[in-house]
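First up is the structure itself, then whatever we jot down about it.
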Amino acid sequence: MDQIAYVNGSFVPLSEAKVSVLDRGFLFADGIYEVAAVLDGKLIDNASHLARLERSVGEIALALPETIARIEEIQKELVKRNALINGMVYLEVTRGADKSRDFAFPKGVKPTLIMFTSVKNIVDAPSAKTGIDVITLPDIRWVRRDIKSVALLAQVLAKQAAAEAGAAEAWMIEDGKVTEGGSSSAFILTRDDVIVTRQNGSEILPGCTRKAVVKLAEEHQLRVEERAFSIDEALAAKEAFITSATVFVQAVVRIDGKKIADGKPGPMTNRLRQIYVDFAKATAT
Ligand code: PDD
């Protein structure tokens with residue numbers, strides 16, 4: 001059965017879900033997106049994703065075509081219509097389609113809002129048990145990475161290079177330090193058991209999962225330091241992991257083919273993963 005998508009006020013079969021070739025998301029990457037996980041038919045940490053959506057659209061002066069409350073209703077309706085148990089809801093809002101290709105904001109054009117779902121068993125993903133490989137490459141993105149924009153070409157190229165190297169993620173490097181993964185936040189656990197992740201700022205996306213994991217770690221009396229780290233530090237670390245809405249917490253076991261510790265997911269990563277899954281289930285909406 002065809003999946004159901006949402007496009008500008010209508011629920012339609014995914015194969016019929018279309019926007020104009022003049023849509024500014026398509027022409028200029030003039031749009032913002034969010035991805036929220038679904039577990040047991042419920043949205044995970046969705047308020048955090050919607051708060052970030054509001055912030056991102058505000059940063060590019062894009063007015064949402066629906067209220068946040070209505071957007072949440074549509075997300076839930078889509079989960080229901082697709083009978084989605086485990087997976088994610090993708091949503092995107094663009095500055096809409098004008099009559100021609102003018103760079104400056106068009107006047108009187110309604111923003112485009114689309115959503116669709118996809119199936120993924122995040123909790124039982126095989127890579128959660130084995131851990132993943134990452135490669136490193138220069139961070140060639142623009143300087144406002146705190147905005148969750150659909151301009152993802154640098155990440156597409158980074159993740160393609162990772163895939164060609166048999167790795168699941170690419171860690172991007174700037175001034176000798178890791179910024180983040182192509183679609184995830186980066187963490188290490190130092191030899192003296194400090195969980196380290198880069199501080200928020202315009203250099204990285206403020207990850208919702210990152211935020212929750214930092215808070216949960218502190219609540220469990222674990223030591224957290226928000227600062228940049230280098231690949232040498234990551235290679236000498238006890239553990240490394242990534243976080244995102246689509247993987248939760250996932251061990252990194254090799255960087256550029258070099259093992260971290262014994263090359264297996266470590267106890268702290270496994271513990272934080274369990275803590276996050278418990279939090280996700282307890283707070284799902
Ligand atoms: N990506 N950093 C980047 C560059 C990301 O694209 C993402 C998420 C994250 C993690 O953010 P969060 O924990 O809020 O998912 C960090 C989504 C999942 C994606 O592009 O599919």
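Worth a mention:
- First in the range 238-264 and within 14 Å of VAL213 (Cβ to Cβ), second anywhere and at pLDDT below 95 and of a type in the set (Ser, Thr, Tyr), Cβ under 9 Å, 6 or more apart: VAL247/SER127; GLN250/SER127; ALA251/SER127
For (1) within 10 Å of the ligand (Cβ to nearest atom); (2) part of a helix (DSSP H, G or I); (3) of a type in the set (A, V, I, L, M, F, W, C), each residue gets a yes or a no:
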| site | (1), (2), (3) |
| --- | --- |
| GLN155 | yes, yes, no |
| GLN160 | no, yes, no |
| SER185 | yes, no, no |
| ASP192 | no, no, no |
| ILE195 | no, no, yes |
| THR209 | yes, yes, no |
| VAL214 | no, yes, yes |
| ASP232 | no, yes, no |
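- The range 216-227 - residue that is among the aliphatic types (A, V, I, L, M) and not in a helix (DSSP H, G or I) and, of those, nearest to the ligand (Cβ to nearest atom): VAL224
- Residues in the range 234-257 that are surrounded by fewer than 17 Cβ atoms within 10 Å (Cβ to Cβ) and either in a loop (DSSP other than H, G, I, E, B) or within 16 Å of the ligand (Cβ to nearest atom) (or both): ALA236, ASP256, GLY257.
- Residues in the range 1-13 that are modelled with pLDDT of 95 or more, loosely packed, with under 14 Cβ neighbours inside 10 Å and outside any strand (DSSP E or B): GLY9 only.
- Selection status of ALA51, within 16 Å of the ligand (Cβ to nearest atom) and without any contact (Cβ under 8 Å) to a residue 12 or more places away in the chain: yes
- Any hit, the range 69-80, residues being in a helix (DSSP H, G or I), at pLDDT 95 or above, within 15 Å of the ligand (Cβ to nearest atom) and under 24 Å from PHE105 (Cβ atoms): no
- Residue check, ILE122 under 30 Å from ASP175 (Cα atoms) and part of a loop (DSSP other than H, G, I, E, B): no
- Flag if ILE260 is modelled with pLDDT of 95 or more, under 17 Å from ASP133 (Cβ atoms), more than 15 Å from the ligand (Cβ to nearest atom) and not polar (S, T, N, Q): yes
- Yes/no for ALA97 being farther than 28 Å from LEU43 by Cβ and either of a type in the set (Lys, Arg) or not assigned by TED's automatic domain parsing to the domain that holds THR243 (or both): yes
- Those residues of the range 153-178 which are exposed (fewer than 13 other Cβ atoms within 10 Å of the Cβ) and of a type outside the set (A, V, I, L, M, F, W, C), in sequence order: GLN160, GLU164, GLY166, ASP175, GLY176
The values are calculated or read from the model by the stated rules, or taken from the named source; none is laboratory data. Since we're looking at a predicted model, the values are computed, not measured. We place every Cβ from the backbone using ideal geometry, glycine too, and count neighbours over all the protein chains shown.
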